[in-house]
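First up is the structure itself, then whatever we jot down about it.
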Amino acid sequence: QTLTPNTTTKIPDITVMEAVCDGEEPEVVTQACLLSEFSEKGEARALINSLPDIHHDPVSREATIEKFVVIMDRYQEQPHLLDPHLEWMLNILLEMIRNEKSPPLMVHLCFKFLYIISKVRGYKIFMQLFPHEVSDVLPVLDLLCRQDPKDTETWETRYILLLWLSMTCLIPFDLSRLDGHLSTDPGLNRESIMDRILAVAKSFLRVSDKSRDAASVLVSKFVTRPDVKLKRLGDFLDWCLTTISQTSEITMEGTVTLDGALQSLAQLFKHGKRDDFLQYAPTVLQCLNQKRIAESNQATLRKLGVKVVQRLGLTFLKPRLAKWRYQRGSRSLAVNLAQSSVTGSVEATKTDLESVSQEEDYDIPEDVENIIEQLLVGLKDKETIVRWSSAKGIGRVTGRLPKQLADEVVESVLECFSFQETDNAWHGGCLAFAELGRRGLLLPSRLSDVVPLIIRALTYDEKRGACSLGSNVRDAACYVCWAFARAYEPSELKPYVNQIASALVIATVFDRNITCRKAASVNILSPQGTFPHGIDIVTAADYFTVGNVNNCYLTISVYIAGFEEYTKSLIDHLVHMKVNHWDGVIRELATKALHNLTAQAPEYMANTVLPQLLPMATGMDLHRRHGAILACAEITHALYEIATQKNRLHPTKQQNRDPVIAFLHPDLVFSCLFFSVCGLIEKLSLSKMPFKDDPVITGWQWLIDDSLKNLHLFSSGARRGIQDSALSALAALCRQYYQVEPGVANVEIQYLSALMSPEVLTRCGCALALGSLPPFMIRGKLQKVRLHNVSLAQVSESQTEARRDAATAMSQVCVAVGVCAQGSPDRVLCEGNIRPVYEALLGCMNDYSMDSRGDVGAWVRAAAMSSLMDVTLLVVASAPELLSSDLVQRMMCCLVQQAAEKIDRYRAHAGTVFLRLLHSTDPAVPHVPHREELLSIFPPETGNSLNWNAASQAFPHITQLLRLHQYQYHTLLGLTVSVGGLTESTVRYSSQSLFEYLKGIQQDATVLQQFGDTLLCIFRDNLRNDRVSVPLLKMVDQILANGCFELFTSEESHPFCVELLALCKEEIKKSKDVQKLLSCVAVFCGMVQFKGDVRQKVLVQLLMLLCHPFPVIRKTTASQVYEMFLTYDDVIDDEQVLADVMASLSDTNCDIATVRTHRNQLCDWLGLPRPILVTKVTHLGN
């Protein structure tokens, strides 16, 4: 059970810290609980009472079980709330089970409900409620014997019956009284009750389901009865040992059998009396040693082996409380208060314990040494469950040893903490120390040896391949701290408090694993409040706030470092453990944390930390080198900021100048990580390091240029980070070192020629480099930069990434130089150069390039939208007169089109940009078409509430633009690809919104005609453009099927349908695109509703498609034409002809050899000319 309110108690892989909190700290759990009573008792009663009515219906039965499980699972964390209600639930279900009229299916269902209850409350509590009178023994036993152990559907029945039988076995009468006169009945050969129960238990110890666990409970209750113990204990132990010796774990059946035998032994030695089992213990131990359970491949068997071994150890040793153990006093507040009024709680408690348990000197059996050795080996097992069981065994057995032997056990556990040992040994050692500490078996004199090891365990992290090991060790170390804080007096821990507190604080804020951070956070505030500033720290770093690793590194760590006890330890941990961490994300977070922590100890950073980092930055370990370089960058920048605030130059500038130059020399950096070095160049430039006119600047510039021009040589994962880092470094470098006087640069722009490089990524890097240059380097060269970016934005579609980055760079350049209406075109954005910029960006809005990655043109469109917004807002703020009405109209129409398209992310981006420009008021964007109508559709308050990503919200708004003439074309163009798309939600909501609009204009012939003309115009402009034409055909099919053009059907050969037919014929001419042909067939079938010559021409086209070379086209056409004649019954007036046509279509064989004959027969019946096969003419040359 964890400390979070939504976690269940039955999870097997829970953390150590949280598992113990469940058992030892009820107040913590109470704070996390949300329930106060079994509020669903009425619903639970109704579900149980409904079982007789629903047990025969599988659907109702499953639904009822599911509802009951949901109700019960809510109480996994607080099962005690069920206690007042367990009895009535049990009585109702047992009454149904005992009813002779209950069918077997219902009986099994009742047992299933009983199992669900026992799973939540726990079988130990629940089984005590079963009736256990003498009259219950035989009925339960008989019912259990009638069960089929191989029935996988009814294992819950067998499980509950075994638990019930375990309780009935506790009756205080000799079982022979229930046997009657077995020996005097010569005609009957019946087994005794005792033998029957033993046979049942043995049989269920071999099954593979959960009944095996209940059978072991039955054995522990039954075999330890006085009467059974005398007659059958030896025989049963013999059977167990024989089973263990003769069974092989190679097979699954053998593993299950061994599991049952070991479980029964563990339960027997746990619940039996020592005097009864002591004589058998050496034999059992010898059998286990011969079987070598510890070497088994099955973790469950190894765990059970450890359980049996520790129980054997407790059997060998006399039960007693060790007088030498450390006793802190009573854990009860009431007892402490009562005793403090007399003599003091600790002394009174110790005296009482000593009077209860007097240590006796006696010889320790030799077998105990063997047992302890096995438990110590179990601490190093590869499975957590085995280590956990071994640790508990160490604690239990050590508690019965003399002081000297117990100290030897502690010494052996200390050997687990060698760096030659694996993480498993460290984890097991931590668990063992926690158990020893909780039981008072780790004396304060040993704390000086243990605490340093636990502090090392709190930071244990071992790299293994692409990941690391040690999170379980760190979690267990937190458990040890938790146990020590509750086991020892504050005075005992006082010498170690600062060390433990620092280690726990470090784990709380800097551990990579969220579980370890949370486990450490709950230890910061010890019960005695001895940790320095514990209350303040735990308030800032509580169980929930440490869940975000960025928050821990960048915010919480700064707050904690404000307490001087923790400042240097936090910094040192980052420098020595996290700067060289194998995970790059942790390294980067660590360097950012060092930046934030510099303000807490600037002198320490400058005089101690930086000299430590500089040698690391030139080492051979790339991880260490990368982290050290980034750390130097962040600390240097932080020191500059501090010096700036104090108006003085920090001495680190001069002291560390030469080492910085040394490890940033390009010859040395070339083989290092470009990302970190570019970051360092940026930070040093921002820190205004005195490198102006220094030769090292040339090396830095070369490094940046080389990074940007050779991006294609880097891996795809690192490419974006290196590019961004290089661009940031370039901008900072240029601002600091290339400006000889305000507004004047002393270098030439070197990236223009590289914009025409055949390498796409080189173009990308150089384009963005131009965008990142400071204004003083662009002014006077703006025409060159603009022309190159414009030309790059208009390159072929194969250069998608280059077009995207050119569009982005174009806006960055414009924003950098600013706007002046009458300025020079070579220096600012003005009347002479604004139109080419807009033309290039608007051209990018039509980029629909496709490749194996999908619609990569969307990258270009998104960049163009962002750039248009930035440039427009810039121009509007300074010189709105530069924006002409046609540019604004085209821009807004393009944004509307993108806001109506099918990809959610880009639709949302377009909608956001559109509303940003529409709602801009300081000043407003001029010449926006239909501004008032747009504001009525999109009032300013919708800017935040409208979710453009949700098709259900976006399309009802966007389709309203169809009634605005200037937006109709682009809105319908965007809707076309949405309505005719593939995504179900997009198609549903877009088509629903479109039909709502068409429904509103059904009776307005002018508006409907205008809509039809726009639709035909889109079709005409995108003829043979499959991106638009195929979705458009699907959309037209839906429009015709919904009768949206019914107004046109009254007029014969309406111009709309005539041109639509011509465009459809042209679209599918010589086409082999199956989807396009099928869509066109559907449109043709819908066009039959139009009267006049158009209908005849449409029928001719359909009959021609009946003989198409593709079988799927022929078959689909025949099917849809059949449905068409059923839908439009006015196409054929003669009923006999209609019957013949329908019969022919339904019986037509789609074989190309015979279908033409059937097609010609259909032409004759419909009065249509037979299509004539065109003969190809081949012209022979001379």
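The values are calculated or read from the model by the stated rules, or taken from the named source; none is laboratory data. The model shown is predicted, which means the values in this text are computed figures rather than measured ones. Heads up, the Cβs are rebuilt from the backbone with ideal geometry, glycines too, and the neighbour counts pull from every protein chain shown. These accessible areas exclude ligands, DNA and RNA; they are computed on the full protein's heavy atoms, side chains included. Shrake-Rupley method; radii C 1.70, N 1.55, O 1.52, S 1.80 Å.
Computed values, structure above
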| quantity | calculated |
| --- | --- |
| Among the residues listed as 1084, 1090, the single one being open to solvent by less than 20 Å² (accessible area, probe 1.4 Å) and outside any helix (DSSP H, G or I) | 1090 |
| Where residue 913 falls short, out of the listed (1) more than 29 Å from residue 1036 (Cβ to Cβ); (2) not in a helix (DSSP H, G or I) | (2) |
| Residue list for region 602-624, filter: buried (at least 22 other Cβ atoms within 10 Å of the Cβ) and at pLDDT below 90 | 617 |
| Residue in region 496-511 that is open to solvent by 30 Å² or more (accessible area, probe 1.4 Å), of a type in the set (S, T, N, Q), part of a helix (DSSP H, G or I) and closer than 22 Å to residue 597 by Cβ present | yes |
| Selection count where residues are crowded, with 16+ Cβ neighbours inside 10 Å, closer than 14 Å to residue 501 by Cβ and out of contact with any Leu (no Cβ under 6 Å at 6 or more places or on another chain), scope region 534-562 | 3 |
| Scan of region 930-951 for residues that are aliphatic (A, V, I, L, M) and open to solvent by less than 40 Å² (accessible area, probe 1.4 Å), ordered by number | 934, 937, 946, 950, 951 |
| Test: residue in region 60-74 that is without any contact (Cβ under 8 Å) to a residue 24 or more places away in the chain and of a type in the set (Asp, Glu) | yes |
| First in region 746-774 and over 11 Å from residue 712 (Cβ atoms) and open to solvent by less than 30 Å² (accessible area, probe 1.4 Å), second anywhere and assigned to a loop (DSSP other than H, G, I, E, B) and not aliphatic (A, V, I, L, M), Cβ under 7 Å, 6 or more apart | 749/781; 766/751; 769/751; 770/751 |
| Test: residue 1158 is over 22 Å from residue 1066 (Cβ atoms) and surrounded by 15 or more Cβ atoms within 10 Å (Cβ to Cβ) | yes |
| Filter pass, residue 1138 being within 20 Å of residue 1168 (Cβ to Cβ) and surrounded by 14 or more Cβ atoms within 10 Å (Cβ to Cβ) | yes |
| Selected residue (only one of 919, 927 is touching a Ser or Thr at 6+ places or on another chain (Cβ under 7 Å) and over 22 Å from residue 977 (Cβ atoms)) | 927 |
| Single match in 179, 142 (criterion: without any contact (Cβ under 8 Å) to a residue 12 or more places away in the chain and surrounded by fewer than 20 Cβ atoms within 10 Å (Cβ to Cβ)) | 142 |
| Flag for residue 579 being surrounded by 21 or more Cβ atoms within 10 Å (Cβ to Cβ) and in contact with a Ser or Thr (Cβ under 9 Å, 6 or more places away or on another chain) | yes |
| Exclusive hit being within 19 Å of residue 1027 (Cβ to Cβ), surrounded by fewer than 18 Cβ atoms within 10 Å (Cβ to Cβ), acidic (Asp, Glu) and in contact with a helix residue (DSSP H, G or I) (Cβ under 9 Å, 6 or more places away or on another chain), set 847, 851 | 851 |
| Matching residues in region 79-124 - criterion: being open to solvent by 30 Å² or more (accessible area, probe 1.4 Å) and part of a loop (DSSP other than H, G, I, E, B) | 99, 100, 101, 103 |
| Condition check for residue 927: in a helix (DSSP H, G or I) and either modelled with pLDDT of 95 or more or open to solvent by 30 Å² or more (accessible area, probe 1.4 Å) (or both) | no |
| Test: residue in region 129-136 that is out of contact with any Pro (no Cβ under 7 Å at 6 or more places or on another chain) and within 30 Å of residue 36 (Cβ to Cβ) | yes |
| Yes/no for residue 491 being on the phi < 0 side of the Ramachandran plot and either open to solvent by 50 Å² or more (accessible area, probe 1.4 Å) or assigned to a loop (DSSP other than H, G, I, E, B) (or both) | yes |
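Listed here are the residues, each with its yes/no results for (1) among the polar types (S, T, N, Q); (2) part of a loop (DSSP other than H, G, I, E, B); (3) touching a Lys or Arg at 6+ places or on another chain (Cβ under 9 Å); (4) within 23 Å of residue 642 (Cα to Cα).
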| site | (1), (2), (3), (4) |
| --- | --- |
| 553 | no, no, yes, yes |
| 556 | no, no, no, yes |
| 571 | no, no, no, yes |
| 577 | no, no, no, no |
| 593 | no, no, yes, yes |
| 605 | no, no, no, yes |
